[in-house]
Structures are given as structure tokens and as C-alpha cells.
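The values are calculated or read from the model by the stated rules, or taken from the named source; none is laboratory data. Here the structure is a predicted model, which is why all the values come from computation and not from measurement. With ideal geometry, Cβ positions are generated from the backbone for all residues, glycine too; neighbour counts draw on all protein chains shown. We work out accessible area using only protein heavy atoms, side chains counted, and drop any ligands, DNA or RNA first. Shrake-Rupley method; radii C 1.70, N 1.55, O 1.52, S 1.80 Å.
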Amino acid sequence: MSDTPIDSSKRTWLIASGCAGAVGGVATAVPFVSTFEPSEKAKAAGAAVEVDISNLKEGEKLTVEWRGKPVWIVRRTKEEIDDLAKHDSELADPESLRHPDEFTPPYAQNEWRSIKPEFLVVIGICPHLGCSPTDKFTPGPQPSLPNDWPGGWLCPCHGSTFDMAGRVFKNKPSPDNLPVPPHMYLSDAKLLIGEDKKA
């Protein structure tokens, strides 16, 4: 042991400096670490979206945003539903078997591509290059469409066409049908897009 007397003022100064440095380090680290957490806006963008469909009439389309993408909810008419199976031979993937994990959940792997035949829920982005197709619900001859057009969508960028179930026609640039997002019905009037736990 040393016989040198301990300078208590120096010890106090060293302890105070060490504590101040530790507090400063924590104060600097907390904001830096918190930047790794998603912002409230980002959390909200990925959250499920509840939609009231009670006022959606037959033949109408409602557009909502989920994860920064347009989601179309279409209430199809009885005629549109009945006509879906009539042009299966003209479709590239009529049964939605290609990439089902990415484009069509199990509960939408049917001729309507939906849980309820009258309601279609699809992401309104063409799988080819990300353009948003335009509504062409009226059947019959129209510019850029065949004379026997059954109704659906036309992608204005490269001409892909989709029927009223969001299924792509053969020999078009889009390799796949319009994606069906995860969704479920909370009631007859409420649709939840982004979750499908009950489905």
C-alpha cells in the first residue's frame, strides 16, 4: 500500500466526469438506436385497413390504400359473376394456380377469386411492370379491346387485359393475374384488408 495521501477532490472530479460521460453516451445512443424502429407512419402503412362496403352498389368499385398500393373492391353484378366461366379458355391462368402464395390465397382459389362471389378484392397494380390498369367494365367492342370483350381492366402501359376476376388473358405482357391481398369479412358490411386470420 502506498503512503501517498488520496486527493479526495481529484477522486470526486474523476467520478463526476465519468458519470457525465456515461450520461452523455446514453443520451447520444438513445436517439440513434430509436432510428432503427419503424416510424408511426410506416407502422400505419403496413397496418390492416377496415373498409365499410355497405354502400357499395352492384357494378361499382371502391379504391382504398393498403401498404401504399391501391386495393380495388368491386361489387360484381349477377351477369358479371355468371360470365366468368365462359372465357376460361382465353385466360393464361384461369384457376389461379401460378404463384398462389404470392398472388392468390387459398380462400380465393376459385372461379370468382374471392371469398364472396359478388365481391372482388384485388391489388390494382399490373404484375408486368407496376402500372395501374383502367376500368373497362362495359362488355363489347371498344378501342384497344377485342370485339368479344367480357368486361374487366386494360393496362394502358403495355396492353395486358384482365377479366372481372382479375385474371390475365393469354398472350399478354403480364405473366400473372392481379394479386389478391389478404382479407376477411368482419361482418356483412365490414371488410378487413391486410389480415385473414379467420379465413
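Here are a few things to note about the model shown:
- Estimated vicinal HN-Hα couplings, Hz - the stretch 175-191 in sequence order (Karplus 6.51, -1.76, 1.60; Gly, Pro = x): x, 9, 5, 4, x, 9, x, x, 7, 7, 9, 7, 6, 5, 9, 10, 10
- Other-chain or far-sequence residues with amide H under 5 Å of Gly59's (modelled H): Arg75, Arg76, Thr77
- Residues with amide H under 5 Å from that of Lys190, placed H, sequence gap 5 or more: Ile53
- A Cβ-based charge dipole, computed about the Cα centre of the stretch 89-155 with Lys and Arg at +1 and Asp and Glu at -1, lands at about 160 debye.
- Solvent-accessible area per residue for the stretch 100-196 (1.4 angstrom probe, square angstrom): 41 Å²
- Here's how it looks for Lys136: its modeled amide H is under 5 Å from those of Gly152, Trp153, Leu154, which are all 5 or more places away or on a different chain.
- Relative packing of 91-102, 140-151, which averages over residues the other C-beta atoms within 10 Å, highest first: 91-102, 140-151
- Dimensions in Å of the stretch 130-189 - Rg and Dmax from alpha carbons: 13.2, 40
- Listed pairs Lys57/Lys86; Lys57/Lys116; Lys116/Lys197 exceeding 19 Å between Cα atoms: Lys57/Lys86
- Taking 20 °C and 1.002 mPa s as conditions, the stretch 50-92 diffuses translationally at an estimated 174 µm²/s according to Stokes-Einstein applied to its Kirkwood radius (Cα pairs).
- Only protein atoms count toward the accessible area here, which uses a 1.4 Å probe; on the stretch 93-198, the carbon and sulfur part of that area reaches 53 percent.
- Selection from Ile115, His158, Pro143, by position along the positive dipole direction of the stretch 111-178 (Cβ): His158
- Prolate is the label for the stretch 81-199, because the ratio a/c of its alpha-carbon gyration tensor axes (a ≥ b ≥ c) is 1.5 or higher and a/b is greater than b/c.
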